[in-house]
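Asker: So that we are looking at the same thing, I have put the structure below in structure tokens.
The values are calculated or read from the model by the stated rules, or taken from the named source; none is laboratory data. A quick note: this is a predicted structure, and the numbers were derived from the prediction, not measured. Note that we place each Cβ from the backbone using ideal geometry, even for glycine, and neighbour counts take in every protein chain shown. Surface areas here come from the heavy atoms of the whole protein model, side chains and all, with no ligands, DNA or RNA. Shrake-Rupley method; radii C 1.70, N 1.55, O 1.52, S 1.80 Å.
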Amino acid sequence: MIESITDRGSSRCLRHRISHPPPPGERSWSETTPIATHNTGTAADIMGTLMRSVGDRLKQLDFYPKTLDDFRIKTISGGAVTIIAVIIMGLLFLSELYSYVTPKIAEDLFVDTTRGSKLKINLDVVFPKIPCNLLSLDAMDLSGAQHVNIQHNIYKRKLDTNGYPIEEPQRQEKIGHEVIEGDNENNNNDNKTEVAAAPKCGSCYGTGKECCNTCEEVKDAYRTKGWALPPLPDIEQCVKEGQLVESTDLPQEGCQIYGYLEVNRVAGNFHLAPGKSFQHNHLHIHDVQQYRTADFDLSHRIRHLSFGVNIPGKTNPFDGTELSTGKGPKSINYYVKIVPTTYEKVDGSTLLTNQFSITQHQKDLQMGLMGDGGLPGVFFTYELSPMMVKYSEKQRSLGHFLTGVCSIIGGVFTVAGLIHSASYSVYRQLQKKVEIGKAS
């Protein structure tokens with residue numbers, strides 16, 4: 001029998017089934033299922049109660065309570081402050097990102113203990129009023145090693161009076177003034193199988209040198225002995241070459257000298273000076289007797305000067321420096337203080353180089369017996385510091401970057417909220433005063 005009971009005000013019917021008594025020997029359905037149904041409902045109720053309890057506890061820990069939309073007031077000033085805050089957050093985020101991807105440079109200072117290495121000097125100097133055939137580069141150091149007329153890794157390029165190249169740069173292979181040009185070069189063969197016929201040996205006019213086959217070799221022999229050169233028509237080699245008169249006028253040319261040289265890692269100097277250089281009685285001499293020293297114009301432009309490889313982010317203090325001296329014998333001295341430097345990159349590679357500071361002094365020379373003697377030219381005197389500087393690239397950690405980003409977002413958001421609250425409070429007070437004034 002099935003009965004239905006209908007609640008008032010509801011369209012649903014509650015149906016209850018009334019079971020007939022079971023046949024003898026059989027168990028009724030209510031005896032087998034009520035216990036399971038009762039247990040399932042109890043577990044669900046327990047889980048529901050537990051979840052509600054955990055939810056209530058989490059609500060008590062909420063630091064960000066929400067208000068109904070009906071109680072929120074949005075203003076134009078709030079929107080403007082929001083836009084400005086977002087822009088500031090974006091700019092600060094980009095700045096933080098750039099700081100994260102750019103390695104940080106750490107500096108350390110300690111005593112230089114390196115030994116046995118060479119000092120590489122890179123230079124690029126332009127002399128607009130001195131021809132290349134008159135200009136020589138020499139270097140010497142305190143260890144006693146003298147490298148005269150260094151040209152091995154040096155290029156010379158002839159320039160016109162406007163500074164434009166006249167011809168292609170030429171690499172100078174000879175080192176020192178004793179290298180003889182001309183026919184003797186043809187006799188130097190690495191794969192000699194037979195002895196070549198020796199050229200005719202010209203007289204050196206009692207200077208002690210065995211052979212002088214050119215006019216220039218005769219001049220070198222006289223310079224080495226320190227003797228005055230006789231008239232050119234009296235020298236057979238000069239007569240054959242047609243050099244009967246020494247020109248005292250400087251060619252209207254300029255010269256660019258550039259390249260690099262390696263010297264011992266001790267204090268020393270290198271200089272660019274007019275005249276051919278040679279050694280006599282342990283003295284370093286430049287022969288400038290052929291030309292009038294009053295016509296020398298040592299004006300120059302230092303396009304580049306460095307000692308070793310360039311350090312990323314560092315510039316050389318003397319690049320692009322120009323000095324106008326005018327005519328006359330002058331000695332221009334540059335005093336260089338070199339600081340050994342090590343640069344260690346993030347990948348572990350290391351650069352060994354040098355930094356330097358430089359000062360300059362210029363002196364006029366009065367050539368003659370009663371004048372202030374000296375060699376006209378441009379001199380670079382360098383000294384090495386006993387201290388070494390080490391630069392190390394260090395990458396910022398990801399945690400530091402994320403901390404900075406969170407600080408930016410939270411700080412800007414808080415400050416923007418304070419500014420908006422203050423401006424809105426002032427606006428409300430002014431609005432109230434206006435309303436009171438209208439009411440009165």
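Asker: Quick one: accessible surface of MET47, probe radius 1.4 Å, all protein chains present, in square angstrom to the nearest 10.
Answerer: Estimated to the nearest 10 Å², MET47 gives 110 Å².
Asker: Once the other residues with Cβ under 12 Å from the Cβ of PHE127 are scored (Lys, Arg +1; Asp, Glu -1), what is the net sum?
Answerer: Its environment carries a net charge of +2.
Asker: Subtracting the Cα-Cα distance from 0.36 nm times the residue separation, let me have the gained length for ALA80 to LEU94 in nm, one decimal.
Answerer: 2.9 nm
Asker: May I ask for the net charge around VAL263, where only other residues with Cβ less than 9 Å from the Cβ of VAL263 are counted and Lys, Arg are +1 while Asp, Glu are -1?
Answerer: +1
Asker: May I ask which of LYS158/LYS363; LYS120/LYS156; LYS158/LYS327; LYS129/LYS225; LYS118/LYS219; LYS276/LYS363 have a Cα-Cα span longer than 24 Å here? Please list the in-between numbers first.
Answerer: On the way: LYS158/LYS363 27 Å; LYS120/LYS156 19 Å; LYS158/LYS327 20 Å; LYS129/LYS225 30 Å; LYS118/LYS219 35 Å; LYS276/LYS363 22 Å.
Checking Cα-Cα distances, LYS158/LYS363; LYS129/LYS225; LYS118/LYS219 exceed 24 Å.
Asker: Here's a follow-up. Rank these residues by their accessible area, most exposed first, probe 1.4 Å: CYS204, CYS211. Numbers along the way, then the final one.
Answerer: Working: CYS204 5, CYS211 50 Å².
Ranked from most to least accessible, the order is CYS211, CYS204.
Asker: Leaving ligands, DNA and RNA out of it, work out the accessible area of ARG52 with a 1.4 Å probe and give it in Å² to the nearest 10.
Answerer: The accessible area of ARG52 comes to roughly 150 Å².
Asker: Moving on. One quarter of the convex hull surface, Cα atoms only: what value does that give for segment 68-119 in nm²?
Answerer: It is 8.4 nm².
Asker: Straight-line reach only, C-alpha to C-alpha below 20 angstrom: list the lysines that LYS74 could link to, leaving out same-chain residues fewer than 8 apart.
Answerer: Answer for LYS74, where 20 Å is the Cα cut-off: LYS66, LYS432, listed by chain and number.
Asker: Shifting gears a bit: Give me the number: length gained by fully extending SER425 to LYS118, i.e. 0.36 nm times residue separation minus the C-alpha to C-alpha distance, one decimal in nm.
Answerer: Length gained between SER425 and LYS118: 103.2 nm.
Asker: Then there is this: Among residues other than LYS209 whose Cβ falls under 9 Å from its Cβ, what is the net charge (Lys/Arg +1, Asp/Glu -1)?
Answerer: On the way: positive: LYS225; negative: GLU210, GLU217, ASP220.
Overall, the nearby charge balance is -2.
Asker: Still on this structure, please answer the following. Using label points projected 7 Å from each Cα along Cα→Cβ, tell me how many nm separate PHE413 and GLU210, to one decimal.
Answerer: Between PHE413 and GLU210, the label points sit 9.2 nm apart.
Asker: Here's something else I'd like to know. What order do GLU210, GLU322, GLU236, GLU344 take when sorted by accessible area (1.4 Å probe), most exposed first?
Answerer: Details: GLU210 160, GLU322 130, GLU236 100, GLU344 60 Å².
The most accessible residue leads, giving GLU210, GLU322, GLU236, GLU344.
Asker: Let me cross-check ASP295: its accessible surface, 1.4 Å probe, with only protein heavy atoms counted, in Å² to the nearest 10?
Answerer: Number for this one is 40 Å².
Asker: Can you tell me how much longer the chain between LYS314 and VAL346 gets when fully stretched, taken as 0.36 nm per residue apart minus their C-alpha distance, in nm with one decimal? Provide the component values of the computation, followed by the final result.
Answerer: Working: separation 32, 0.36 × 32 = 11.52 nm, distance 1.72 nm.
Contour length minus Cα-Cα distance gives 9.8 nm.
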